[in-house]
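Enquirer: One structure, as structure tokens, below. Some questions next.
The values are calculated or read from the model by the stated rules, or taken from the named source; none is laboratory data. In this text, all values refer to a predicted model and were calculated from it rather than measured experimentally. Cβ placement follows ideal geometry from the backbone for every residue including glycine, while neighbour counts extend to all protein chains displayed.
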Amino acid sequence: MKILSVNVGLPREVSWQGKFVATGIFKEPVKGPVMLRTLNLDGDRQADLTVHGGVSKAVYAYPSEHYAFWRAEFAAMDLPWGMFGENLTTEGLLEDAVYIGDRFRVGQTELMVTEPRMPCYKLGIKFGRADIIKRFLASRRSGFYFAVAREGMVNAGDALELVGREQQDISVADITCLYAFEKDDVKALRRAIEVDALPENWKGYFQHRLEK
């Protein structure tokens with residue numbers, strides 16, 4: 001398990017459907033070590049902190065293994081690392097084998113898996129096509145967010161070492177499945193709510209679903 005690329009970018013204004021919007025989804029690979037802090041990497045920012053960023057979504061990771069699928073889907077497009085707005089393009093970490101609350105060490109840095117990425121219209125901006133949002137969710141190739149448990153430097157090529165797995169009840173893929181595909185799985189909803197590392201907004205959403 002390792003990091004193939006570290007990608008950062010500052011928010012920019014772009015034209016989309018007749019208006020200007022600010023987005024931080026445009027990330028570019030960087031060379032050399034980058035400081036990873038509690039809220040983001042040096043040189044990286046999110047444009048809309050109401051839905052992006054924050055402690056539980058400080059770092060977005062996307063498996064490099066998914067790029068082959070998307071390159072087949074969009075053969076005419078150039079899809080460099082960072083295309084999905086990820087900060088870390090990874091190898092060896094897939095959503096069905098990564099569990100909410102898993103802790104990984106990268107050098108002196110420690111990261112904790114918190115939740116899958118849910119696509120918004122800004123992914124459509126990046127790809128120049130609105131249909132990517134539904135296709136991204138339907139593919140179940142979500143990637144996932146990390147919280148930063150201990151700050152430190154990260155670099156392309158760094159190994160990711162699993163150092164803690166508090167619970168094995170709910171994977172990243174399970175959360176995506178509950179959100180979009182198996183919305184009425186009462187047993188799984190109850191299990192998800194009990195996962196300590198799952199952010200409170202997810203727990204509240206799943207609790208509401210149970211009550212309905």
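Enquirer: Return the residues of the stretch 182-212 that are among the aromatic types (Phe, Trp, Tyr) and under 19 Å from the mean Cα position of the chain (by Cα); say none if nothing qualifies.
Expert: Hits for the stretch 182-212 are TRP202, TYR205.
Enquirer: Any residue in the stretch 2-20 that is modelled with pLDDT under 90 sitting within a Cβ distance under 6 Å of a residue that is basic (Lys, Arg)? List the pairs, counting only those 6 or more apart or interchain.
Expert: Matching pairs, first to second residue: PRO11/ARG45.
Enquirer: Give me the residue from the stretch 96-112 that is in contact (Cβ under 8 Å) with a residue 60 or more places away in the chain and small (Gly, Ala, Ser) and, out of that set, surrounded by the fewest Cβ atoms within 10 Å (Cβ to Cβ).
Expert: Ranking the candidates gives ALA97 first.
Enquirer: Across the stretch 14-38, what is the total count of residues that are small (Gly, Ala, Ser) and either under 19 Å from ALA156 (Cα atoms) or not in a strand (DSSP E or B) (or both)?
Expert: So the answer is 3.
Enquirer: If you check GLY54, GLY107, which single one turns out to be under 16 Å from the mean Cα position of the chain (by Cα) and at positive phi?
Expert: When all the criteria are applied, what remains is GLY54.
Enquirer: Among the residues that make up the stretch 86-93, is at least one of them out of contact with any helix residue (DSSP H, G or I) (no Cβ under 6 Å at 6 or more places or on another chain), at pLDDT 95 or above, part of a loop (DSSP other than H, G, I, E, B) and farther than 23 Å from GLY24 by Cα?
Expert: Checked the stretch 86-93: at least one residue is out of contact with any helix residue (DSSP H, G or I) (no Cβ under 6 Å at 6 or more places or on another chain), at pLDDT 95 or above, part of a loop (DSSP other than H, G, I, E, B) and farther than 23 Å from GLY24 by Cα.
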